[in-house]
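The values are calculated or read from the model by the stated rules, or taken from the named source; none is laboratory data. Treat the numbers as computed from the prediction; the structure is a model and nothing was measured. Cβ: placed from backbone, ideal geometry, glycine included. Neighbour counts: every protein chain shown. The accessibility values were calculated without ligands, DNA or RNA, using every heavy atom of the protein model including side chains. Shrake-Rupley method; radii C 1.70, N 1.55, O 1.52, S 1.80 Å.
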Amino acid sequence: PLTHAAIISALVLAPVLALAQVNVSAEARIEAHAMASTTMRAEVKLDIEKFRALASTTRAKFEEKKVQQQTKMDEVKAKAKAKFGEAVQKSVGNISDMLTRHVAELSKVADRIDTRISELQGKGMDMSASAALLVTARANITVAQDKVTTVGAALSIALASPTPKAQIESVRSAVKAAEDAIHTAKQSLQQALESTRVEAHASTTSSVTL
């Protein structure tokens with residue numbers, strides 16, 4: 001009879017114990033998920049802060065070099081006008097203005113991508129790959145800016161030379177290097193933009209699935 005009672009008790013209690021285990025397991029999963037979510041939010045916040053700090057530093061350096069570059073180009077134009085007249089000044093100005101304008105446009109595109117990445121990060125999306133690509137793109141833009149400054153230096157040397165025509169090849173090489181650097185910067189920006197689209201879509205799909 002005792003054995004019979006024990007069996008009945010076990011049969012009655014088994015579902016209750018199983019249900020209790022399920023509840024405990026579910027609570028553990030919920031707690032683990034909450035902890036993981038908290039950790040992820042903290043990591044995302046840290047990434048956002050690091051990304052914004054780096055972007056701010058890069059932009060500040062760009063603006064500083066932009067002023068230096070413009071000053072150099074203005075000196076070159078003045079030198080060209082004083083030595084060779086307005087026609088040469090205009091030609092020199094066209095070269096420098098074209099290259100400077102391209103770099104400025106790339107910087108504006110980078111700023112727009114920067115804003116988009118920050119918006120998506122603010123929504124909790126993982127944009128780390130895109131942020132890294134944008135950092136690379138900004139570095140390439142800075143390189144392009146430096147190459148444009150080199151063009152100004154080459155023009156200045158040519159204008160100061162007693163034989164300017166002999167310096168033409170150096171100027172052409174500097175211009176070609178600047179154009180190549182601008183092209184590289186443009187490609188890296190396109191990669192950052194495409195990555196931003198892909199990561200945004202992936203994060204949205206993941207959120208919907210969960």
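So here's what we get for this one:
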{"quantity": "Tensor-based shape of the range 127-210 (alpha-carbon gyration tensor, a/c under 1.5 rounded, otherwise prolate or oblate)", "calculated": "prolate"}
{"quantity": "Environment charge of Asp180, counting only residues whose C-beta is closer than 12 Å and scoring Lys/Arg +1, Asp/Glu -1", "calculated": "+2"}
{"quantity": "Global form of the range 104-147, assessed from the alpha-carbon gyration tensor, a/c cut-off 1.5", "calculated": "oblate"}
{"quantity": "Accessible-area order (highest first, 1.4 angstrom probe) of the listed residues Thr196, Thr163, Thr142", "calculated": "Thr163, Thr142, Thr196"}
{"quantity": "Theoretical gain in end-to-end length, Thr115 to Glu194 [0.36 nm per residue, Cα-Cα removed]", "calculated": "27.0 nm"}
